[in-house]
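Visitor: Sharing a structure below in structure tokens format, with a few things to ask.
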Amino acid sequence: MIGKVKNLQEILDLHKKWLNGEEGGKKANLHEADLGGSDLSGADLRWANLRWANLREADLREADLRGSELREADLSGANLRDTILPFKIDIKEQESEK
């Protein structure tokens, strides 16, 4: 784990530029980042690298995660309400398995 990300807003701003094809943009690489408890509501994280990231208790409401790399990311307790995910989750099916 690389530890708590201190310049998260800067990373998100550069990522947005990268997504828009703007000069100076850079794809967000948050591999192994500690984003636990972070407010990422409404963030555009399409195609971001979030592998092994700690997203426990993060607020991801209305965030866009299409195409993002989430392998081994910890989403325990994260708020995923209205989040656009790169995969489909059938919550009703999961609840019925308990």
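Taken together, the values in this text are just the output of simple stated rules run on the coordinates, not laboratory data. On a predicted model such as this, the values are computed, not experimentally measured, just so you know. Backbone-built Cβ (ideal geometry, glycine too); neighbour counts: all protein chains shown.
Visitor: In degrees from 0 to 90, rounded to the nearest 10, what is the angle of the helix 8-19 Cα long axis to the longest principal axis of the chain?
Guide: It works out to around 80 degrees.
Visitor: With a Förster radius of 22 Å, plug the Cβ-Cβ distance of GLU62 and GLU22 into 1/(1 + (r/R0)^6) and report the FRET value to the nearest 0.05.
Guide: Rounded to the nearest 0.05, the efficiency is 0.45.
Visitor: Return the long-range amide H neighbours of ALA33 (sequence gap of 5 or more, or a different chain), with a cut-off of under 5 Å between placed amide H atoms.
Guide: The list, which skips near neighbours in sequence, is ILE2, ALA53, ASN54.
Visitor: With percent of Cα pairs over 16 Å apart as the read-out, I listed (1) 51; (2) 60; (3) 56; which label goes with the value calculated from this structure?
Guide: So the calculated entry is the one marked (3).
Visitor: A further question follows. From the backbone phi of segment 26-39, what are the Karplus-calculated ³J(HN,Hα) couplings (6.51 cos²θ - 1.76 cosθ + 1.60, θ = phi - 60°) in whole Hz, Gly and Pro given as x?
Guide: Each residue's phi maps through the Karplus curve to give 8, 4, 5, 10, 10, 4, 6, 6, 8, 10, x, x, 6, 8 Hz.
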